[in-house]
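Heads up, the thing below is written out as structure tokens.
The values are calculated or read from the model by the stated rules, or taken from the named source; none is laboratory data. None of the values given here were measured: they were computed from a predicted structure. For neighbour counting, all protein chains shown are included, and Cβ atoms are generated from backbone atoms with ideal geometry for every residue, glycine included. Surface accessibility is based on the protein's heavy atoms, side chains included, excluding ligands, DNA and RNA. Shrake-Rupley method; radii C 1.70, N 1.55, O 1.52, S 1.80 Å.
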Amino acid sequence: MGIDFMIGKWRWAAARSIGTSHLKNGTPCQDYVCAKEFLTRHGSVMAAVVSDGAGSASHAEFGSRTVCIGLLKSCRAFLFDAALAELNEDVVWDWIDATRETINVKASFAKVRPRDFAATLVAVLVGEEASIVIHVGDGAAVIRRSGCDEWEVPYWPYQGEYASTTSFVTDDPHRGSW
């Protein structure tokens, strides 16, 4: 399934497809994507967020949705008072921690482990003066600078210590999983 939208002056496209193992096991697509234009005092900012739910997680489709919506909410709150160029790593970690806490609450309510909501995160925030890529896990974003024909990968996907392992937003970074 693919989508192509115009939001304000920004154009974005996304696609998602249910994997063969999901079809075989009768599980839903566990990916989520959303985008929003924020009109701020400092100019327009386009935020696009993609999350891939872990196939081994029983509530991954809810985890990926929570990651995407949570990040957009945090972005909106930040941009209400600040310019995109003021965003720093500490603020982004606060956003991820807030999203992780939301997942913890949902997991508690559902009587499952937060790990059952495991999902990765790739977000791109683009303004007129700055662009930011936020990345947790094995996803990737590509960018193309104005006037260039080549695509660049600002951060390569993270591969865990073992084959088919990665980090998720639900992982505690203080336990060495990042």
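Just one of the listed residues (L87, L39) is over 23 Å from R115 (Cα atoms), in contact (Cβ under 8 Å) with a residue 24 or more places away in the chain and surrounded by fewer than 14 Cβ atoms within 10 Å (Cβ to Cβ), namely L39.
Looking at this structure, is W156 open to solvent by 40 Å² or more (accessible area, probe 1.4 Å), farther than 23 Å from A54 by Cα and of a type in the set (A, V, I, L, M, F, W, C)?
Values: open to solvent by 40 Å² or more (accessible area, probe 1.4 Å): yes; farther than 23 Å from A54 by Cα: no; of a type in the set (A, V, I, L, M, F, W, C): yes.
For W156, the condition - open to solvent by 40 Å² or more (accessible area, probe 1.4 Å), farther than 23 Å from A54 by Cα and of a type in the set (A, V, I, L, M, F, W, C) - is not met.
What number of residues within the range 42-71 are farther than 15 Å from S131 by Cα, open to solvent by less than 40 Å² (accessible area, probe 1.4 Å) and not hydroxyl-bearing (S, T, Y)? Don't jump to the end; show me each part of the working.
If we filter the range 42-71 for residues that are farther than 15 Å from S131 by Cα, which is where we start, we get 50-71.
Next, from what is left, pick out any that are open to solvent by less than 40 Å² (accessible area, probe 1.4 Å): 51, 53-54, 57, 60, 63-64, 66-68, 70-71.
If we keep only those that are not hydroxyl-bearing (S, T, Y) too, we end up with 53-54, 57, 60, 63, 67-68, 70-71.
Summing the residues that are farther than 15 Å from S131 by Cα, open to solvent by less than 40 Å² (accessible area, probe 1.4 Å) and not hydroxyl-bearing (S, T, Y) in the range 42-71 gives 9.
With the condition kept exactly as written, say whether any residue in the range 157-174 is at pLDDT 90 or above and charged (D, E, K, R). No - not one qualifying residue is present in the range 157-174.
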